[in-house]
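Here the structure is laid out as structure tokens; the discussion comes afterwards.
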Amino acid sequence: DTHVHRVSRRLGLIGSRATAEGAQTALEELVAPSERYRFHLHLIEHGRMVCLSRRPRCGDCVLNGLCPSAFSA
């Protein structure tokens, strides 16, 4: 999913050149199986509402203190 990939990349959870398959593998290693669906839904929501493609709302983001891309994306 576009939102999952973008948010994960900006947060540094996946590499900037990660393919969809590579991203999925990396995220599966980070997130417990019982939490994956909920994590996926939260990343989509975050990508739609806060971590927008063209104009991310970093000032409104609760993760901006942890995000290597905050205020520079």
key: the stretch 33-73, dipole about Cα centre (Lys/Arg Cβ +1, Asp/Glu Cβ -1), debye to the nearest 20   = 140
ask   = Roughly how many whole Å is it from the C-alpha centroid of the stretch 1-47 to that of the stretch 52-73?
value = 16
message = Treating only the Cβ of Lys, Arg, Asp and Glu as charged (+1, +1, -1, -1), what charge dipole size does the chain show about its Cα centre? Round to the nearest 20 debye.
response = 360
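Computed over the Cα atoms of the chain, what is the convex hull's projected area averaged over all directions, in nm²? The partial results should precede the final answer.
Values: hull surface 18.4 nm².
If you wrap the Cα atoms of the chain in a convex hull and average its projections, you get 4.6 nm².
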Residue-by-residue Karplus 3J(HN,Hα) for the stretch 44-59, coefficients 6.51, -1.76, 1.60, Hz, glycine and proline x = 4, 4, 4, x, 7, 9, 10, 8, 6, 4, 8, 9, x, 9, 4, x
ask   = In what order do Arg55, Arg9 fall by count of nearby beta-carbon atoms within 10 Å, going from fewest to most?
value = Arg55, Arg9
query = What list do you get for Ser34, Ser69 if you sort them by fewest beta carbons within 10 Å?
reply = Ser34, Ser69
query = Under a 5 Å amide H to amide H cut-off, with H placed in plane at 1.01 Å, what residues pair with Ile14 once short-range neighbours are removed?
reply = Arg9
inquiry  = Among Ala23, Pro33, Pro68, whose Cα projects farthest towards the positive end of the dipole of the chain, with charges put on the beta-carbon of Lys, Arg (+1) and Asp, Glu (-1)?
reply    = Pro68
ask   = Cα axis of helix 20-30 to longest principal axis of the chain: angle in degrees, 0 to 90, nearest 10?
value = 80
ask   = When Arg57, Arg17, Arg6 are ordered from fewest to most other Cβ atoms inside 10 Å of their Cβ, what list results?
value = Arg17, Arg57, Arg6
inquiry  = I need the phi-derived Karplus couplings for the stretch 5-19: 6.51 cos²θ - 1.76 cosθ + 1.60, θ = phi - 60°, integer Hz, Gly and Pro marked x.
reply    = 5, 4, 5, 4, 5, 5, 7, x, 7, 9, x, 5, 9, 5, 6
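FYI, it's all coordinate maths here, none of it is from the lab. Keep in mind the model is a prediction, meaning the values are calculated, not measured. Glycine also receives a Cβ, built like all others from the backbone with ideal geometry; neighbour counts cover every protein chain displayed.
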